[in-house]
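Presented below is the structure to which this report refers.
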Amino acid sequence: MNHRTIFLRTMPLLLAILLLSSNFLYAQIAINEDGSNADPSAMLDVQSSDKGMLVPRMSSNQRTNITNPATGLLVFDTTTGSFWFHDGTWQELGSNGGNGGDALWEMDNGNIINTDLTTASVGIGTDNVLAKLHVLGEVDQRIALQVDGNPDFYEVGFVGPTAIRGNSFSAPQGGFEGGVGGDFRGGLMGMQGIGTSLYGVRGESTDAAGVHGSSTNSYGVSGTASNETAGVYGYGDNASVGVKGESPSTGVFGSSTGYIGVLGTADGGNGIGVYGRSPSGVGVFGYTANPASHAGYFVGNVMANGYFIPEPNNPSARQGESTLANGMQIIAQLRPKSYRYSNGQFRGVDLPKGTHYGLMAQDLETVLPQLVQENSTVLYDWEKFDRDTEMARALEEPTPNEPDVLQTITYQAINYTELIPIVIAGIQEQQTNLQGLEQQNAALQTEVNTLKQANEELKATLQSLARSVQQLQQQNSQ
C-alpha cells in the first residue's frame, strides 16, 4: 500500500492536487505538522495540538432535509447544540437511547448527575428494568463500597432468597462495622425488612451484633413476616448478640402471622439470642391476641434482674370488685403432690429434670376451673435446626429457612399467680380465727384465775373451821 504525508506549511497547493489525483484514492492520508505517517488503522489521520476539526454545521431542519443520508453520516446540529449521526435514523450522541433530548449523564462539581429521570429508570445488566435502579447479576456477584484510602470495604449482594445481604470485611478505622445498616432521620425506621418466604431482616456476626437498630422516636429494628418465617432473625456467637435494639421507645419489635416475630440464637455460654434495651420504654415487646398462644415462650431457665410487673391494677381497669371469702375452704380442697416430668410425649420442650412439687391441673380444674387454661403449641426440632445451620455455614451454603415441626401439642397450664390471693385470704381467715381463740382463751384464763382465788379462799375457810373443831374437841375432853 502507498503511504503519503502532506506538509501543510510547505505544500498547500500540492495537497489539493493530491486529493484530486486518482493515484491516491485508495491511500491513507495523514494531515499533521510533523510529517508522521497515518495510523495503520485509519484512512484519514488528522493530528494537531492547538486546533480541532470541524464537521458540517447545520440546523435541525437542514439536517433532516438531507437526501438519502449515508449510514455513519456525522453533522453538528446548531439547533440542539449537539452531534448527530445517521444509522438508518438520526441519533443524537449521548442522548437517551439516541432518541434526542439532553444527555442523560453530566458532570456537576465532580458529581455524575441526571435531572431528567422523573419517569425513566436505570438498569445494569438487564433491559427489563423493574425499579428506579435495577442491578442484575449472578448469585456471587456483589456491589462493593469502599472509602478512598481505606483497604476495608463493604459488599451488598443478593444471596438466594435474601433480598439484601451485606458483608463487611474488617471495620473502617474509627468506624462501625455492620453487614447491613440503616439511618433514616426524621422518619420512622432506620431499617425495615419484610419477608414472605424467609427473613425480613437477617444478620449474622461473630464478634458484634448480627442486627443492631437504634432509633430515637420509633423502632430500632422492625420486622414483619408471614408464611412461617421470622420477622427478625439474628445469630451471634463468641459472646455476641443475635438481635440488639436500642430505643427510648421500643428496642426490638417483631410480629408474625404464622411463625416467629423475633428469633435470636446465640452459641456459647455468654452469647445472647435477643437483647433489648430501652431507658424509658420497652426493651423487648411481645404481643398475641390469641389467649391460647404466647406473647413470650422460653425453653429453659428464665432470669430476671428487676421487678415482675403484671397487668395494670388501676381502679379504672377493674370492675365487679368483691371481697374474697372462704379461702381456707378452697385451700382445704387442693391436693399438692410431688412428681417428675416425662419428655417422651413432649419431645422438643426440654422439660426440667428431678422431683417437682405442685398441683395437678385435672385436680385444680374441679375446684378453680378458671385457673386452668388449655393451650396449644407447635414444637420445633431446634437441635436439628442448629446442626443444619452450623453445617450450612461451614459449607458456605444458605442456612435453613426454619426448623422442622416435630408435633403440635395440647396441654393444660395452671395460673399459679392467682392462687396467691386465695392463700392470703385463707391466712387472714386463720388469723381471724386465731384471734377469736386467743380472746376465748383469755376469758377462760380469767375464769380459771377467779376459780383459783375462790378455791384459795375456800381452803382458808376450811382450815379455820378445822382449827375451831379441834379446839372444841380439846375443851370437851377436859
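Nothing in this text is a laboratory measurement; each read-out follows from the coordinates by a stated rule. This structure is a prediction, so every number in the text was calculated from the model and none was measured.
So if the hydrodynamic radius of the range 424-478 is defined as the Kirkwood radius over C-alpha pairs, what does Stokes-Einstein give as its diffusion coefficient at 4 °C and 1.567 mPa s, in µm² per second? Answer, rounded: 86 µm²/s. Stretching Asp363 away from Val405 to a fully extended chain increases their span by 12.0 nm, per 0.36 nm per residue minus the current alpha-carbon distance. Cross-link partners for Lys337 among the lysines, with Cα-Cα distance under 18 Å and sequence neighbours closer than 8 places in the same chain left out: Lys353. For Asn476 and Leu324, the difference between the fully extended length at 0.36 nm per residue and the C-alpha to C-alpha distance is 46.8 nm. Annotation: amide H-H contacts under 5 Å for Ala38 (H modelled 1.01 Å from N, sequence separation of 5 or more, or interchain): Ala30. Dimensions of the range 326-414 from C-alpha coordinates, computed as largest minus smallest value along each principal axis and given longest first, are 65, 26, 19 Å.
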